[in-house]
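Since the structure comes first, as structure tokens, the remarks are kept for the end.
The values are calculated or read from the model by the stated rules, or taken from the named source; none is laboratory data. Everything quoted here is computed from the prediction, not taken from an experiment. Every residue, glycine as well, gets a Cβ built from its backbone with ideal geometry; the counts of neighbours run over all protein chains shown. Side chains are part of the model used for accessible areas, which takes the heavy atoms of the whole protein and leaves out ligands, DNA and RNA. Shrake-Rupley method; radii C 1.70, N 1.55, O 1.52, S 1.80 Å.
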Amino acid sequence: MSAPAQPLRLGIAGLGTVGIGVVKIVQRHAEMLTARTGRPVTITAVSARDRTKNRDADLSAYAWETDPVALATRDDVDVFVELMGGHDGAAKDATIAALNAGKDVVTANKALLAHHGQELAELAEGAGRVIRYEAAVAGGIPVIKSLTEGLAGNAIRRVMGVMNGTCNYILTRMETAGLPYDTVFEEARQLGYLEADPNLDVGGIDAGHKLSILAAIAFGTKVSFDNVVLEGIGCISIDDIRRAADMGYKIKLLGVAQMTGRGLEQRMTPCLVPAASPLGQLQGGTNMVVIEGDSVGQIVLRGAGAGEGPTASAVMGDVLDIARGLRLPTFGQPATSLADPIPAAVSAPAPFYLRLQLVDKPGALAKIASALGDAGVSISRMRQYGHADTTAPVLIVTHKTTRDAIDVAIAALPGTGVVDGAPVALRIEEV
């Protein structure tokens with residue numbers, strides 16, 4: 001008779017929403033987890049800043065460490081589960097300590113991987129350890145597993161998606177309630193949707209971290225968050241949302257990564273997408289990732305991008321893979337084989353949406369068309385709305401052009417004498 005399988009022992013650092021979610025899954029589904037992996041999955045020790053906090057879970061059976069590095073190096077921990085957050089400090093130190101101590105690591109920390117992914121991947125693979133991080137990108141959506149496993153036989157052409165639920169909530173709430181950005185921003189703050197530093201959300205930084213990780217896997221490059229073009233949603237007005245809808249589009253904070261002849265493009269910016277597309281129909285705090293492969297074509301992954309249950313679900317998926325013996329390189333191929341990315345100097349051409357406040361003067365539209373033409377930008381569609389005092393909003397959809405050409409045109413518009421205020425220019429993404 002064979003000996004019973006040894007348990008996989010977890011040490012969990014960080015007992016916030018996600019950490020407690022993981023504890024609950026382990027406690028609630030112990031028999032199911034054993035049946036699915038062939039060995040028990042247990043928790044031996046935990047760590048958090050405040051031991052006295054009421055966390056709605058029974059932690060009495062677990063050893064407590066005040067120092068996450070001490071937790072990461074305990075002899076009775078096989079997998080270090082890092083759920084503290086932050087790209088430096090305790091999270092980084094404890095992760096390095098765990099790998100050096102021969103532990104595997106499961107993390108939900110996109111900032112850590114976006115800033116230090118190459119270093120950590122080389123350390124892990126050199127030590128024969130694995131780093132799993134499904135929960136770091138798009139919450140409960142299995143996008144990492146899709147890229148590294150299910151779509152491993154594809155040359156990936158493009159990865160794009162809505163990867164920050166807070167921004168999608170703000171934009172869809174503005175649209176459905178007819179409310180201005182500042183009002184909905186404050187509403188999101190009151191509901192607890194925003195990070196302590198709101199710019200991580202509305203400035204596109206959080207979603208940019210995620211995009212840089214997906215790009216590394218998709219295109220076999222080192223993580224290069226510093227090369228992600230970031231633009232937040234603070235410039236989007238309720239008028240933009242309404243005008244875009246009039247022309248058949250929705251505005252989303254959209255991440256796009258693709259390898260072109262110009263190099264690797266990584267953009268996390270507000271874009272217009274067709275209202276009838278899956279991305280256009282995405283509502284509220286939901287995330288969506290679209291992957292295009294040369295063999296599979298386009299697939300769409302949609303689901304909860306945050307929250308206790310979805311994110312803990314992703315963490316446990318990684319834990320169970322380790323329990324089953326699945327061991328893959330951090331970014332889908334050996335870290336030492338990842339290429340240094342060459343950032344694209346110019347983005348691929350695309351149509352653009354322009355909103356201008358036009359002064360009511362004879363020949364104003366002709367002057368605008370001339371300024372755009374001089375920059376090499378041609379007009380596909382134009383719509384003018386009713387006057388407000390001495391100005392009127394004008395919307396323009398261009399033919400495909402580059403962002404550089406759009407910027408040249410915008411720089412020339414004040415010289416026409418017929419534009420009031422700063423124009424708004426948004427890329428239209430074909431999906």
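Of note:
- Identity of the residue in the range 92-111, outside any loop (DSSP other than H, G, I, E, B) and under 18 Å from ALA323 (Cβ atoms), that ends up nearest to the chain's Cα centre (by Cα): THR107
- Filtered by the rule that a residue be in a loop (DSSP other than H, G, I, E, B) and under 17 Å from LYS361 (Cβ atoms), the range 384-411 gives TYR385, GLY386, HIS387, ASP389, THR390.
- Residue in the range 325-338 that is more than 29 Å from GLY38 (Cα to Cα) and surrounded by fewer than 19 Cβ atoms within 10 Å (Cβ to Cβ) present: yes
- If you check ILE141, ILE156 for being among the β-branched types (Val, Ile, Thr), open to solvent by 10 Å² or more (accessible area, probe 1.4 Å), closer than 25 Å to LEU264 by Cα and touching a strand residue (DSSP E or B) at 6+ places or on another chain (Cβ under 9 Å), only one passes: ILE156.
- Tally of residues being open to solvent by 30 Å² or more (accessible area, probe 1.4 Å), assigned to a loop (DSSP other than H, G, I, E, B) and within 18 Å of CYS271 (Cα to Cα) across the range 202-241: 4
- Any hit, the range 21-40, residues being open to solvent by 10 Å² or more (accessible area, probe 1.4 Å), assigned to a loop (DSSP other than H, G, I, E, B) and at pLDDT below 95: no
- Per the conditions (1) among the charged types (D, E, K, R); (2) out of contact with any Gly (no Cβ under 9 Å at 6 or more places or on another chain); (3) over 19 Å from ALA405 (Cβ atoms), the sole criterion not satisfied by ARG355 is (3).
- For GLY161: the one exception among (1) more than 18 Å from GLU134 (Cα to Cα); (2) buried (at least 23 other Cβ atoms within 10 Å of the Cβ): (1)
- Residue count, the range 242-255 (criterion: aliphatic (A, V, I, L, M), open to solvent by less than 30 Å² (accessible area, probe 1.4 Å) and touching a helix residue (DSSP H, G or I) at 6+ places or on another chain (Cβ under 8 Å)): 2
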